[in-house]
Amino acid sequence: MAKKHRNQLVTTAFHYLVKSMPNDDPEEEAIEDGFTQDEFERVLALLRDTTQLDDNDAEIVQSIKDGTEMHRHTFSEPSPGVYFGEYEGAYYGQKLRNNVLGEIDPESLNLRTFYYLITRLRDGKILVGVTYHGQFGDYDGIRSYLSHHLRGNYRVASKTLKSIATEIGEGHPISLKLTYRKGSNRAERRPLFGSTGEIAIKRSDFGADFDERVVGASRQIRGTDEQRKRAIANMVRQGELMELDADEIVGCSAVIREHGRQRTVYFLGDNNFATKFYLGVDIGRHGEVDPDEMSSEMLRVMRERIIPLIDNAAEA
């Protein structure tokens with residue numbers, strides 16, 4: 001019998017690609033810019049080409065491993081300017097044993113089917129959504145493929161889209177962990193036990209409205225690291241627990257309890273995984289899904305959750 005908890009769960013996560021160029025001032029962040037429509041059309045032309053690759057050819061296999069080639073099986077435009085397709089993610093490099101086939105050569109390709117949604121936003125960001133089937137996914141594969149074919153006199157940077165409020169969901173925060181690094185340029189900033197520290201803030205420390213404060217703050221923690229740090233500093237300041245400037249905050253996470261289990265949600269640092277959103281699709285006995293149903297659900301998540309997330313980050 002299939003393991004239902006692994007086989008019957010499909011989610012999607014979104015990232016976006018931008019051009020990244022060094023800043024003349026090394027103290028400042030890299031300069032980011034979007035892609036032109038012509039550059040976007042360049043990768044669309046490749047995605048449209050669903051000619052079957054000969055993965056018995058050693059050179060093709062190597063190009064898949066290098067991220068310069070990728071199995072592409074379908075391509076459609078479910079909404080104007082938004083494109084959907086099926087691709088295969090390659091797993092290799094680990095010795096396995098199959099009860100039917102025996103030992104699997106670690107250098108051979110084990111291929112799994114996933115789906116993508118791609119569009120170019122008004123500012124030139126290329127938004128890419130991918131599916132995860134149970135514990136399996138392959139954003140790295142499609143990211144490498146797109147980045148290779150978008151390359152120029154700049155670095156192609158992949159940015160993660162996270163929704164802290166979504167990750168908290170129906171859970172209840174029970175503690176908040178804050179890592180900080182105090183500045184030493186002012187006398188009042190000299191900490192007793194060195195320049196760095198970590199504090200665990202529990203509900204009893206913060207007060208009766210701990211849940212409300214943390215969940216409320218999670219809706220404000222968005223945008224760049226600097227914007228997130230300002231929101232976290234404001235939350236801590238309101239709790240009258242510690243006086244911190246935004247630039248002194250290094251990391252922040254919350255322990256969440258939901259349905260008797262605990263998990264960690266990272267507000268800042270330590271975790272660069274994109275937020276996964278559940279897709280309401282029917283899943284067959286062997287994990288198969290209806291592509292039309294999949295594209296409709298990915299479009300729904302993009303419109304209802306991802307675009308507002310990007311717009312809110314731009315306004316933060």
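The values are calculated or read from the model by the stated rules, or taken from the named source; none is laboratory data. Keep in mind that what you see is a predicted model, and the values were worked out from it rather than measured. Cβ atoms come from the backbone with ideal geometry, glycine included; neighbour counts cover every protein chain shown. The accessibility values were calculated without ligands, DNA or RNA, using every heavy atom of the protein model including side chains. Shrake-Rupley method; radii C 1.70, N 1.55, O 1.52, S 1.80 Å.
Would you mind computing, in nm to one decimal, how far apart the modelled labels at SER296 and MET21 are, each placed 7 Å from Cα along Cα→Cβ?
So the two model labels end up 4.4 nm from each other.
Set the Förster distance to 35 Å, then compute FRET efficiency between ARG181 and ASN153 from the Cβ-Cβ distance, nearest 0.05.
Efficiency for this residue pair is about 0.50.
May I ask you to give the percent of accessible area on segment 34-182 that is carbon plus sulfur, with a probe radius of 1.4 Å?
43 percent
Scan around THR131 for amide H atoms under 5 Å from its own, H built in the peptide plane at 1.01 Å from N, and keep only partners 5 or more places away or cross-chain.
Amide H to amide H, under 5 Å and 5 or more residues apart or across chains, THR131 pairs with TYR115.
May I have the extent of the alpha carbons of segment 52-93 along their three principal axes, as whole Å values ordered from largest to smallest?
Per principal axis, max minus min of the Cα coordinates gives 38, 19, 14 Å.
Suppose the chain between ASP123 and HIS172 were pulled fully straight at 0.36 nm per residue; how much longer would it get relative to their current alpha carbon spacing?
Working: separation 49, 0.36 × 49 = 17.64 nm, distance 3.67 nm.
Extra length from ASP123 to HIS172 when fully extended: 14.0 nm.
Can you run the Rg to Rh ratio on segment 37-151? Use alpha carbon positions and the Kirkwood inverse-distance Rh.
Answer for segment 37-151: 1.00.
Go through segment 78-161 and name the GluC sites (Glu not before Pro) that are in a DSSP coil and have 16 or fewer other Cβ atoms within 10 Å of their Cβ.
Here the GluC sites (Glu not before Pro) that fit, given the DSSP loop and packing criteria, are GLU107.
Report the extension gain between GLU77 and THR196 in nm, rounded to one decimal, defined as 0.36 nm multiplied by the number of residues separating them, less their alpha carbon distance. Numbers along the way, then the final one.
Values: separation 119, 0.36 × 119 = 42.84 nm, distance 5.12 nm.
Answer, rounded to one decimal: 37.7 nm.
Filter the cross-link list LYS95/LYS159; LYS125/LYS276; LYS177/LYS229; LYS65/LYS95; LYS95/LYS162; LYS159/LYS276 down to pairs whose alpha-carbon distance in this structure exceeds 23 Å.
On the way: LYS95/LYS159 32 Å; LYS125/LYS276 20 Å; LYS177/LYS229 14 Å; LYS65/LYS95 16 Å; LYS95/LYS162 33 Å; LYS159/LYS276 15 Å.
Pairs exceeding 23 Å: LYS95/LYS159; LYS95/LYS162.
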